[in-house]
Amino acid sequence: MNRANSPFIKSLFVALLAVSGVASAADAKHAPAAAKPDAAKGATLYADGDAARGLPACVSCHGAAGNSTITANPKLAGQPEAYLYKQLVSFEGPSRSQPVMTTFSKMLSDEEKKNIAAYLATQTSKPGAAKNKDTVELGKKIYRGGIAEKNVPACASCHGPAGAGMPATYPRIGGQHQDYTAAQLALFKTDSRKNSQEMSTIAKRMSEEEMKAVADYVAGLK
């Protein structure tokens, strides 16, 4: 008689599988839930840094509540939480290497990155304004309708009509500093920033004038 095929062995095997399944479900049910980001801790780290580790306060470059007044540094207030966290992680690798941010991101724990992102996402971004009246219409046209002959899609199709962005995937760009937005488009164009193949492809199809026009236009979006 083949014991492997006997009814008793089969019944025992099925029973063991059932018990194993129940145990796995019980383990999953009682497993500790991932800790939620602590925006209060993020606010403290953002405002004060950590002198013991030589970590400077984020506010020194990005301004109070994430509203940078230095045009080369981005406004972070109101950015989608998941997007901010994703960028802090990205700074640690080759896809978005940047001397200052790469150094500081590596000093932050994963929990601290999430806490800072949670804090900044709850802040209100102060509005900006378009400055170049000679190109604002070009920027508006590209943002809303793209450049059909170059196969450049409308920026609004991903970033939204008011530039509010989309969690994790697309950043808030409405009200962002012109200088910063133009600089990022230039980095994408030259593959110096490699953490969005989509943006690299689009930027390569745009002229410097077109990129600057869009950057100026979005600065005035509210």
Selection count where residues are under 16 Å from the mean Cα position of the chain (by Cα) and part of a helix (DSSP H, G or I), scope segment 95-110: 6
Members of segment 128-151 that are charged (D, E, K, R), in contact (Cβ under 8 Å) with a residue 12 or more places away in the chain and either on the phi > 0 side of the Ramachandran plot or not in a loop (DSSP other than H, G, I, E, B) (or both): K140, R144, K150
Residues (open to solvent by 40 Å² or more (accessible area, probe 1.4 Å) and under 21 Å from L187 (Cα atoms)) located in segment 94-137: P94, S97, Q98, P99, V100, M101, T103, F104
Some residue of segment 34-51 being part of a loop (DSSP other than H, G, I, E, B), open to solvent by less than 40 Å² (accessible area, probe 1.4 Å) and either more than 29 Å from G174 (Cα to Cα) or modelled with pLDDT of 95 or more (or both): yes
Every residue from segment 154-178 that is surrounded by fewer than 17 Cβ atoms within 10 Å (Cβ to Cβ) and at pLDDT 95 or above: A154, S157, C158, G160, P161, A162
Residue among A162, A154, A168 that alone is among the hydrophobic types (A, V, I, L, M, F, W, C) and either closer than 22 Å to L88 by Cα or not in a loop (DSSP other than H, G, I, E, B) (or both): A168
Tally of residues being β-branched (V, I, T) and touching a strand residue (DSSP E or B) at 6+ places or on another chain (Cβ under 9 Å) across segment 158-196: 0
Count of residues meeting criterion [within 16 Å of C155 (Cα to Cα), in a loop (DSSP other than H, G, I, E, B) and without any contact (Cβ under 8 Å) to a residue 40 or more places away in the chain] in segment 182-222: 2
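The values are calculated or read from the model by the stated rules, or taken from the named source; none is laboratory data. The structure displayed is predicted, hence computed values, not measured ones. With ideal geometry, Cβ positions are generated from the backbone for all residues, glycine too; neighbour counts draw on all protein chains shown. All accessible areas refer to the heavy atoms of the entire protein, side chains included, with ligands and DNA or RNA removed. Shrake-Rupley method; radii C 1.70, N 1.55, O 1.52, S 1.80 Å.
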